[in-house]
Each structure stands twice: as C-alpha cells, then as structure tokens.
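The values are calculated or read from the model by the stated rules, or taken from the named source; none is laboratory data. Source: prediction; values computed, not measured. As a convention, Cβ positions derive from the backbone with ideal geometry for all residues, glycine included, and neighbour counts pool all protein chains shown.
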Amino acid sequence: MDQAEAKARIDALRREIAEHDYRYYVLDAPSIPDAEYDRLMRELLALEAQFPELVTPDSPSQRVGGAPSAAFAPVRHEVPMLSLANAFDEGEVRDFDRRVRELCGEAAVDYHCEPKFDGLAISLRYEGGALVQAATRGDGSTGEDVTANVRTIAAIPLRLRGEPPPLLEVRGEVYMPRDGFARLNAEQVARGEKPFANPRNAAAGSLRQLDPRITAGRPLRFYAYGHGRVDGDLPGRHSERLAMLQGYGLPVCGLRRLVPDIDGCLRYYAELGRRRPTLPYDIDGVVYKVDRIDLQERLGYVSRAPRWALAHKFPAEEAVTVVENIEVQIGRTGAVTPVARLKPVFVGGVTVTNATLHNEDELRRKDVRIGDSVVVRRAGDVIPEIVGVVPERRPAEARPFEMPTRCPVCGSAIVRLEGEAVARCSGGLYCPAQRKATLAHFASRRAMDIDGLGDKLIEQLVDRGLVRDVSDLYRLDAATLAGLERMGEKSAAKLIAAIEASKRTTLARFIYALGIRHVGEATAAALAAHFGDLEPLMQADVDTLTAVPDVGPVVAQSIRNFFDQPHNREVIGRLLAAGVRWSPVEARTGARPLAGKTIVITGTFSRPREELTAALQRLGAKVSGSVSKKTSFVAVGDNPGSKADKAAELGIPTLDEAALLALLGDLPPGGA
Ligand code: JCF
C-alpha cells in the first residue's frame, strides 16, 4: 500500500470509528458488535504504525498520548462556570417559580428538566471543531487543565460533527456509570488497593490522575448540559441549544424534557425519583432551567448562581453518624452478619438506626470500630450499609469488634468454613433463628417428604410456639392442627398421616433432611452408603469423613461441626425416640460389586435419576456428572445429551436401561 492509499484508508477508518462512537455514546444505538469495533481500531493502529507521518492529534488512536505530567496548569474560564441554587422541598421550588414569573412578567414559563448528575463539571474547548482544551470547574473562575485525561474519555469527541462554530466551549458533567464503578472497585480490591467510596469520588480521582494511561482504563462517561463562550449564532432556547450540541456529536442526556409550568417540573421530579434506583448512573436531584434564553437574560444572576435555574435535590443517600455498638444477626440459614447500631440519622428519606457490615472480612477491611463516625449509605430500597469510617473523627476509646464464637440466639458454635466469607451458626436443628428454614427443608419432598407442610403452615406453627424444632412435628395432633388458619379437620388428618408416613424413611433422606451445610442429596447418599447407619456417621472424625467419595475437607469439617453441637444431637435423639427409622442399608462391609467404578448417567430412564444414582452408590460406584477418560461406563437413556457422544468419542462402554437395571438387580420401591 502506498502512502496515498494508506491515507484514504486511514481517513475512512477514522470516519467509521467516529460514526460508531457517535452511535454508541450519543444516540445510544450501537450498530456493530464490540469485536467489530475493536477490529477497525486495530486496523487503524496498524496503518498508523506503518505510516507515522499520517498520525494526527484528532485520530481516535490518539486518545492516550503524551507523558505523565507533574501538575495540572491553571485555566481561566472566560465565561465563569456557575453553580446552581438548591431546593430541598416543594415549597422552595414554588418560591423559585414565583420569583421567576414575577421578574419575567409571565403567567407561566416553559421549564427544561434534566437529571442532576453526580459527577464533576468540566468545560471543553473546541476550536475549528477540534478539542483543544478541557478544564475542571475549580472555583468557577479558574480550573485545572485536564486535557490529556479528558481526551481518553471515549464519549467525548476529539472532533465535532457537522459545521460547528469556530469556537465552542461545552459544559457538562463527567461521571462514572454504576456498573463500571462496581467493576473498578472489584479490581481495586483484587489488587489490594482501597476501593472508592462512590462513583463520584471514583470519577474525580480518575480525572485527577497525572498519568493519562490510568484515566484511559477508567470507565468515565460525559453528558453536556450547557455551554460557555460560543463564537457564532445560537438558537433562542436552552432545549434547542442542547439539541444543537447533540448534533455536533456531544452526548446529551436522553431523560431531558420540556414542561409548560412548575407542576410539570414537580411531576418530572417524582417520576425521576422513582426511576432513580434503576438508572445506570447516580443522580442527586433534577435541574430546572427557564427554557427561553431571552427570559434567562432578563433574570440574570445572584452571586455565582443563575436566577433562571434550580437544582431540586433528592434526599441525600449518604450521611455521617456514630456507631454506638456492633452486634451480630443470625439469618434464616445461620449466616452471621455483623450489624452496626447507629445514632439515628436521616438518610435516603428515612431515619436509619442499623446498617449492615456484611461479613467479618468486610468489617476488618473497613476497620469499623465502636465509637467511630461512619458514612452511611441508603440508596433506593436497599439495606443501609456503612461505606467507610471518617478517620479524623475516631475517638481514642474506639473499640474494635470481636466476632462472637457462640451464636447469640442458641449458644451453638459459630464457625467459618475454609474458603467462605460468611461465618455460620452450626446449631441448625435447634437455633430459633433458623427454625423456619430448617423445618421447610426437613419437610421438603426430597428430604422427609411431608406432603402438605408448606411455608404458610410452618409460619403458623412456629409463630404460635407449637413447633420449636423438627422433632416437635412428631408430637402434633390433629385437633391442634385443625385449630390453625386455613386448616380443616380433613386436611389436619391428612397432614398427621403424612407426618406419620415420613417416619419410615431412608438413611440418605434423613441425613439430607438434617440440613448440614454442604451436604446435599448426593453427599447424603454417599454418606449413607459409606456408613450404613447414623451412629458411625455421628462418631466419624474428619479423616474418616474425608475418605468418603465426594467428601472434601470443608464438607467433612462442616459435618463434624454439626454433630459436635449437643443441641443438634438432642434433636436427633428426639427424632429417633419419636419413631423415625430407616431400612438397613448395605454398609461398607456388604456387597459392593461396583466399588472403584465411575459411572455417568445421561438421558431419561423409567425410574428417577436420583433413585438410580443412589442404587449405584449403594453398590459402591461413584456417580459423576461428566464423562472423562476415567469413566468406567455411561448409562444411556432416552434423549441422551452430549455425554453419550463424548462416551463414543472416548470409546467408553455404554449401558441401555435394560442393562443398567440388570446390573442393579431388584431396586427396592421408593429408591434412595
Ligand atoms: O448534572 C449536573 N450536575 C448539572 C450541573 C446540570 C446542569 O444543567 C448544570 C449544572 C451546573 C450549572 N447547569 C449549570 C448552569
């Protein structure tokens, strides 16, 4: 390719890339996949590397350029960057409107409404359509030159579209969308660096990097909301000016709207307040502006704020208060959550007295101590959380919190298994905090299979004090049940029969029903097959447990912790005393003709998959979910999946249903 051809191709690529940027950032309607965009960019980079003399500063390849600087030079704003007067309630908004109409001598004025972005204000200077300078707001008169950093923000065009005026200063907000913020913070934590408190701080910190390569990696975006100096004609309305900026390729918020009076503004405020939690970026209010520029000029300014604009703020989502105590809460599944008791504070529109600290690691990372002043955040309807400590305000007597070793509700040991973030109460069968969840699991179809004992009923039984742990189920009588809501005599009798029937179960179901953390159906079946009875399982030490197929050290520890709790053992004793029992299982000493074999099941059989799995495990087989070289054979039913293909590919023998059943011999009814 000669230079002329290269130049033509480079120009075409730049035009195409700029067009896709425009479609993506301004129209919010991308027309090509990211991968195709990346391909265009790579082609451009390759050509520019081959013909460096064709590189120009407004090429999309030149967003990151220049070496890190030592400081940001001051920039004087020819037209000052204004601030906005604030209103916090409807009364203040109506006062604003009354003043506006009085001074304008109008009965009603059109207002332009838009979200108020929680980012930072910047001014972009375009000369001859090219971005030549970007500056922060600073004190409104003098800001800092952040051109090199701003050039890395892909939403900001390096060259404007159409026929812009020879000089155009664009004003707007740089912000970080919530998803990008979450990603950035996850990366910060993974690198062992401090996460940012909120997207605003993250955006500000990113724009103040001395090395633009760091800014380039930050997910910053931009919305234009006005202009500074413009050499050229402008339309007579604010809304039209924003449309004009959009035409030049600048992103303008799609949520802006023109309303005919202040009631329209208030409706817009209410609507945006509802949408606030689900917007992809943080906003801290809405901005109303008198739309007609001639009226704006008549209204003028007071100090640094225009009389023609108003920021109507949402209730703050963050506030500072004091941690009076730290306690733990035990969740339905035993999860231990540290919770800060706070000096009451008004935040996010409500008075908050508690905030979650999520888990122990989070608490340590934030180093929250009793007596600390903390930033509390309540966004939308989410649970209030502690963002961080205000270190300057830590009193000398601030006390670090010690995680308790005993459950405050039931006294059982609190354990944190290796590799888990959450500590848990190990008194699952007994702990009142876990009652309802434990009962629901115990009664579920694949556990004790108590038909008719649903969540609503469990709710009533526990709330009325009729059932405290699972063994109490076996002491219920029909008369008691018939007295409950939505229970007749007939359904009460049916439930009693179902409870009675559940007493005859299998060891695997019983183990599963105990709700031991990490002991699902398959592990329960493996434990039943291995130990043959409950007593040896309850006695087994961690090493013995680890010898069971599919039981690793974490699961073994979890089982051990569970049976170590005297309360759990008491409940099990009561269950057995009530008559819960199972048919003897082939114990380890029994015939295990399939010991050492690994079997995979695929497709549908005339008997349930879990029944076949349990039967195979009883005979000593390991049942695996995926086919590999180690698979001994694959049982193939109707409509088999890719596992059958894989078996054929690896030359692994297969069994059809008849062959499988022959191998298993007679299955007892009810399976597992
Ligand atoms: O979104 C904003 N943070 C925002 C700030 C929007 C506006 O329309 C603004 C602003 C600051 C000053 N308008 C002015 C005049």
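In table form, for the structure just shown:
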quantity: Within segment 88-118, considering residues that are within 36 Å of the chain's Cα centre (by Cα) and at pLDDT below 95, the one nearest to VAL170 (Cα to Cα); calculated: ASP118
quantity: Selected residue [touching a residue at least 40 places away in the same chain (Cβ under 8 Å) and either in contact with a strand residue (DSSP E or B) (Cβ under 7 Å, 6 or more places away or on another chain) or in the same structural domain as ILE652 (by TED's automatic domain parsing) (or both)] from GLN617, GLN557; calculated: GLN617
quantity: All positions within segment 94-116 that are within 16 Å of the ligand (Cβ to nearest atom) and buried (at least 19 other Cβ atoms within 10 Å of the Cβ); calculated: PHE96, VAL100, TYR111, HIS112, CYS113, GLU114, PRO115, LYS116
quantity: Qualifying residue in segment 246-268 (condition: touching a residue at least 12 places away in the same chain (Cβ under 8 Å), outside any loop (DSSP other than H, G, I, E, B) and within 30 Å of GLN62 (Cα to Cα)); calculated: yes
quantity: Restricting segment 33-53 to residues that are touching a helix residue (DSSP H, G or I) at 6+ places or on another chain (Cβ under 8 Å), aliphatic (A, V, I, L, M) and without any contact (Cβ under 8 Å) to a residue 40 or more places away in the chain, the residue that is farthest from HIS20 (Cα to Cα); calculated: LEU45
quantity: Breaking point among (1) polar (S, T, N, Q); (2) outside any helix (DSSP H, G or I); (3) within 15 Å of the ligand (Cβ to nearest atom), for GLN209; calculated: (3)
quantity: Test result for ALA70, farther than 27 Å from PRO251 by Cβ and surrounded by fewer than 20 Cβ atoms within 10 Å (Cβ to Cβ); calculated: yes
quantity: Whichever residue in segment 257-289 is away from the ligand (no atom under 16 Å from the Cβ) and among the charged types (D, E, K, R) and, among such residues, is farthest from the chain's Cα centre (by Cα); calculated: ASP261
quantity: So GLU397, is it free of Cβ contacts under 8 Å to residues at least 40 places away in the same chain and more than 30 Å from ALA498 (Cβ to Cβ); calculated: yes
quantity: Segment 135-172 - residue that is within 16 Å of the ligand (Cβ to nearest atom) and in a strand (DSSP E or B) and, of those, farthest from the chain's Cα centre (by Cα); calculated: GLU169
quantity: Tally, over segment 184-193, of residues that are assigned to a helix (DSSP H, G or I) and surrounded by fewer than 17 Cβ atoms within 10 Å (Cβ to Cβ); calculated: 5
quantity: One residue from PHE196, PHE181 being among the hydrophobic types (A, V, I, L, M, F, W, C), surrounded by fewer than 23 Cβ atoms within 10 Å (Cβ to Cβ) and more than 16 Å from the ligand (Cβ to nearest atom); calculated: PHE196
quantity: Pairs with Cβ under 9 Å, 6+ apart, first in segment 461-487 and free of Cβ contacts under 8 Å to residues at least 24 places away in the same chain, second of a type in the set (S, T, N, Q); calculated: LEU466/GLN460; LEU466/THR480; LEU481/SER491; ALA482/SER491
quantity: Residue check for PRO653: farther than 23 Å from ARG446 by Cα, surrounded by fewer than 17 Cβ atoms within 10 Å (Cβ to Cβ), free of Cβ contacts under 8 Å to residues at least 60 places away in the same chain and in the same structural domain as GLN539 (by TED's automatic domain parsing); calculated: no
quantity: Checklist (1) buried (at least 17 other Cβ atoms within 10 Å of the Cβ); (2) part of a helix (DSSP H, G or I) applied to ALA46, failing item; calculated: (1)
quantity: Enumeration of residues in segment 577-633 that are under 30 Å from ARG475 (Cα atoms) and either in a strand (DSSP E or B) or modelled with pLDDT under 90 (or both); calculated: ARG581, TRP582, SER583, PRO584, VAL585
quantity: Conditions (1) in a helix (DSSP H, G or I); (2) within 16 Å of the ligand (Cβ to nearest atom); (3) in contact (Cβ under 8 Å) with a residue 24 or more places away in the chain; (4) of a type outside the set (D, E, K, R); number of the one not met by ASN201; calculated: (3)
quantity: Answer residue from segment 77-87, given it is within 14 Å of the ligand (Cβ to nearest atom) and part of a loop (DSSP other than H, G, I, E, B) and is farthest from ARG171 (Cα to Cα) among those; calculated: ALA85
quantity: Of residues in segment 295-312 being away from the ligand (no atom under 11 Å from the Cβ) and not aliphatic (A, V, I, L, M), the one farthest from GLU106 (Cα to Cα); calculated: SER303
quantity: Breaking point among (1) away from the ligand (no atom under 15 Å from the Cβ); (2) within 26 Å of ASP110 (Cα to Cα); (3) without any contact (Cβ under 8 Å) to a residue 60 or more places away in the chain; (4) over 25 Å from the mean Cα position of the chain (by Cα), for ARG292; calculated: (3)
quantity: The lone exception for TYR126 - which of (1) within 16 Å of the ligand (Cβ to nearest atom); (2) assigned to a strand (DSSP E or B); (3) within 23 Å of ARG237 (Cα to Cα) it fails; calculated: (1)
quantity: Contacts under 6 angstrom Cβ, first residue in segment 149-165 being touching a residue at least 60 places away in the same chain (Cβ under 8 Å), partner charged (D, E, K, R), 6 or more apart; calculated: ARG151/ARG63; THR152/ARG63; ALA155/ARG221; LEU158/ASP58; ARG159/ASP58; PRO165/ASP231
